[in-house]
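Colleague: My questions will all concern the structure given below.
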Amino acid sequence: MTVHLVPGQNAPLPSRVLRFRAVDATPVDVSALIVDGDLRALSSDHFVFYNQRRAAGVELDADGTVRLHLDEVDAAAAGVLCVVSVDPASPSGPATLARSGLSATLADESGSTVVVFDVPLVGSEAAAICLEIYRRGTDWKVRAVGQGYDGGLAELLVRHGVDVDEPTHPVAEEVPATPGPAGIPLDPAHSFERAWMIFEDAARSAASFRSSRDYAQARLDDELSATVADPSTRNSPAVAQSQARARERSDALVAEAQRKFDGETSQLAEELRVIDPLLPRSLATFESAAWTNPVTHTAVTDGLRLGELSAPDLGELRVPFCVHYPLGRPLWIVGEPAEAAPVVAALAARMLVASPAASGRLEVVDLSGSLREFTEPLGALLASPVVSAASDITARLTALSESVDLAEMAARSGIRDNLPEPRLVILGDFPHGYGTEDAARIVHLADHGPAVGTSLIIVGDSAGAAADPGVAVLKRIAQQVPTSGVLTVSDPWTRNDWILTPDRLPDHPLHRASVLDSLTGQ
């Protein structure tokens, strides 16, 4: 049976011998990269392409397909990335992949297609990871990735730890990888991907457990109904025995599903425990050694921890909920200012360490003074004095909007040396004290700020959204994070709901002070 995957979806593999093929409107080359648990190449010898056609368990055939014998893949490998790319010097076509029409397939040893993935692209990529084939215990699974790289194969390889002589696209400087579980390096620049994979595994385990439990209950209901269908035997000993056996079968099925789920969640909890001290501070818990040990390097990381996800029917399972950083849209912390302050401080602390700068990172509006405990220790990071009067809001927002516009013009003109440092703008007490034009300026910042490194945290009540068009737009485009009540998050793989509990700054005064001091290097 052929499985058609969508981005992010995974599936078990029915065969250990596979053939990877890709078809695109543009002529493409296929290759494969054998990687560890952080998607870093085991070595340059583990990249299989036209100049190096073999590695253990992976071979590029003359017909332009990659053949995989998964039982022969290096025991240190966590997976194999199936890659397509175009030759930028090819005279036969454009040096980018087609925006639509790229299709990746896996076939088994008999030639039957077992996986199809139509890879979505924006149209500027010269290389893409189509599929990730990865270990899960003694089994292998496949995940639809669809990650494109404008800089082509060179950029893709550099980002996955392969040295190349001449990258065709500039890439961010990466910090040294930290040894992870069982010697596997954990690269801060790819930590978001690691955390997201744990969430995916938790989501699929939870969905499997719920499905088994619901099936057991549905079967029990059917069997119990069948035993009482005949009124003449409804109260007989035979019916009672049939009902008891039906309940036993149901209990056994649920118990087996629970045993499997408990084992999988224990494994995930252990993985989280092991990697937490190795994650960058933007993703680690505040109890992590990353927040207490001296910072020995400046890490530009790719993710931000918002809080933890749980589900009432899943017991103690807790997984981190993370988003990409820099943010593509504002965070709106919904709630009363005093109640929201610990959540705002926690998220702001993570954002400040995600792309650190020496000074001038922070712009704050705090009419109620609820954020004072957070902002006062961070004077060195303030670009301007905290706005504490409503009459000063318009001037500050105007200045910020003009700064973003100038930075955007400079970027479009190729003048990148004078771009401002990344900034975090916290707008407290919103929308009270803000005018209609102020809301429009904030929408402008939300639309144009991310491109030049300006991130927004909005704090306040969203109940007035219907009355002000600008507020309504912000409510629609922002990622809302509640400080009270419940926010359900549907995972993208199984569409099941999870409850988000946002992170807060530590309650203990000394622990909280230690976190804040670390932001200014004290």
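Colleague: Restrict the check to segment 204-227 and report whether at least one residue is under 30 Å from LEU500 (Cβ atoms), in contact with a strand residue (DSSP E or B) (Cβ under 8 Å, 6 or more places away or on another chain) and crowded, with 17+ Cβ neighbours inside 10 Å.
Modeller: So far as segment 204-227 goes, yes, one or more of its residues are under 30 Å from LEU500 (Cβ atoms), in contact with a strand residue (DSSP E or B) (Cβ under 8 Å, 6 or more places away or on another chain) and crowded, with 17+ Cβ neighbours inside 10 Å.
Colleague: Moving on to the next point. Of everything in segment 470-501, what is small (Gly, Ala, Ser), under 21 Å from the mean Cα position of the chain (by Cα) and surrounded by fewer than 16 Cβ atoms within 10 Å (Cβ to Cβ)? Give them in sequence order.
Modeller: Scanning segment 470-501 gives a single hit, SER490.
Colleague: So, in segment 144-160, of the ones that are under 21 Å from the mean Cα position of the chain (by Cα) and part of a loop (DSSP other than H, G, I, E, B), which residue ends up surrounded by the most Cβ atoms within 10 Å (Cβ to Cβ)?
Modeller: In this case the residue turns out to be HIS160.
Colleague: Do we have any residue at all in segment 435-456 that's surrounded by 16 or more Cβ atoms within 10 Å (Cβ to Cβ), over 24 Å from VAL387 (Cβ atoms), under 27 Å from the mean Cα position of the chain (by Cα) and not basic (Lys, Arg)?
Modeller: No, segment 435-456 contains no residue that is surrounded by 16 or more Cβ atoms within 10 Å (Cβ to Cβ), over 24 Å from VAL387 (Cβ atoms), under 27 Å from the mean Cα position of the chain (by Cα) and not basic (Lys, Arg).
Colleague: Now for a different question. Just checking, does segment 351-358 include any residue being surrounded by fewer than 18 Cβ atoms within 10 Å (Cβ to Cβ), over 20 Å from THR285 (Cβ atoms) and out of contact with any helix residue (DSSP H, G or I) (no Cβ under 6 Å at 6 or more places or on another chain)?
Modeller: yes
Colleague: Another question, then. ALA76 - would you say it is over 29 Å from the mean Cα position of the chain (by Cα), among the small types (Gly, Ala, Ser) and within 29 Å of ILE198 (Cβ to Cβ)? So that I can check it myself, show each step before the final result.
Modeller: Numbers: over 29 Å from the mean Cα position of the chain (by Cα): no; among the small types (Gly, Ala, Ser): yes; within 29 Å of ILE198 (Cβ to Cβ): yes.
No; evaluated as a whole, the condition is false for this residue.
Colleague: Check whether at least one residue in segment 157-178 is modelled with pLDDT of 80 or more and not assigned by TED's automatic domain parsing to the domain that holds ALA78, and report yes or no.
Modeller: There is no residue in segment 157-178 that is modelled with pLDDT of 80 or more and not assigned by TED's automatic domain parsing to the domain that holds ALA78.
Colleague: Which condition number in (1) surrounded by fewer than 16 Cβ atoms within 10 Å (Cβ to Cβ); (2) assigned by TED's automatic domain parsing to the domain that holds PHE430 is the one that GLU287 fails?
Modeller: (2)
Colleague: Take segment 123-162 and flag every residue that is touching a residue at least 12 places away in the same chain (Cβ under 8 Å) and among the polar types (S, T, N, Q).
Modeller: SER124, GLN147
Colleague: I need the full set of residues from segment 17-33 which are surrounded by 19 or more Cβ atoms within 10 Å (Cβ to Cβ), within 16 Å of ALA154 (Cα to Cα) and not small (Gly, Ala, Ser), in order please.
Modeller: VAL28, VAL30, LEU33
The values are calculated or read from the model by the stated rules, or taken from the named source; none is laboratory data. All of these numbers come straight from a predicted model, not from anything done at the bench. Neighbour counts are summed over all protein chains in view; Cβ atoms, including those assigned to glycine, are modelled from backbone coordinates with ideal geometry.
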